[in-house]
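These notes are about the structure you will find just below.
Values quoted throughout were computed directly from the atomic coordinates according to the rules given, and no laboratory measurement underlies them. On a predicted model such as this, the values are computed, not experimentally measured, just so you know. As a convention, Cβ positions derive from the backbone with ideal geometry for all residues, glycine included, and neighbour counts pool all protein chains shown.
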Amino acid sequence: MAKIETMSDKPVRLTAPPEGYADWLADLKGRIHTAQQRATLAVNRELVLLYWQIGRDILARQAEQGWGAKVIERLAQDLRIAFPDMKGFSRANLMYMRAFAEAWTDAEFVQQAAAQLPWGHNVVLLDRLPGAEIRRWYV
């Protein structure tokens, strides 16, 4: 069978870059890295806010309807089935979402401070620090 050549198979013949090109390339690389970091932070923020909302919903339903821990196990299973490619819906993580919402009742604080931290950092704060005041200081 004959090999079909594509543009990516041929070596590119580069000429000397024009004046100012190196500076422009360095600037573009910097802007690309900055945009990537902003995108990562935005995704993290949205995920932490979602987890807080889920935790708040769990707390509310447990208080209003007397749901127990078995409902969280069921919810974990149903969410994993609905979103098989997503991680984060284990029973343990749903319990962390509940604890996170219980620890931070102020939506503004969650949006402006706690959501700036990665989820794993918020979990460590819940696990290792005994009270709201010291957690708030670390956040």
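Of note:
- Where trypsin sites (Lys or Arg not before Pro) fall in DSSP loop in the range 32-106, at most 11 other Cβ within 10 Å: Lys87
- To the nearest ten degrees, helix 91-103 and the longest principal axis of the Cα atoms of the chain are 70 degrees apart.
- Least to most buried among Leu79, Leu25 (fewest other Cβ within 10 Å first): Leu25, Leu79
- Cβ-based charge dipole, the chain, positive-most Cα from Leu125, Ala42, Val71: Val71
- Potential extension, Ala92-Arg31 segment - 0.36 nm per residue separation minus Cα distance: 18.1 nm
- The candidate values were (1) 125; (2) 195; (3) 116; the one computed from these coordinates for volume of the Cα convex hull per residue in Å³ carries the label (2).
- The charge dipole of the chain, taken about the Cα centre with unit charges on the Cβ atoms of Lys, Arg (+1) and Asp, Glu (-1), comes to about 340 debye, rounded to the nearest 20.
- Helix 21-65 and the long axis of the chain differ in direction by around 20°, with both axes built from C-alpha atoms.
- Cβ-Cβ distance of Ala63 and Tyr138, R₀ of 22 Å, FRET efficiency by 1/(1 + (r/R0)^6): the value works out to about 0.20.
- Dipole of the chain [Lys/Arg +1, Asp/Glu -1 at C-beta], most positive-end residue of Gly55, Ile134, Ala16: Gly55
- Expected 222 nm ellipticity per residue - DSSP helices of 4 or more, -39500 (n - 2.57), all of the chain, to 500: -22500 deg cm²/dmol
- Highest mobility in the GNM of the chain, judged by mean-square fluctuation with C-alpha springs under 10 Å and restricted to Ala99, Ala63, Ala107, is found for Ala63.
- Using C-alpha pairs below 8 Å separated by at least 6 residues, the relative contact order for the range 23-138 is 33 percent.
- Peptides 128-136, 27-35 ranked from most to least packed by the mean count of surrounding Cβ atoms within 10 Å: 128-136, 27-35.
- Descending semi-axes in whole angstrom, ellipsoid equivalent of the range 16-69, from the Cα gyration tensor: 50, 6, 4
- Cα-based helix-to-principal-axis angle, 69-82 vs the chain, degrees rounded to 10: 20
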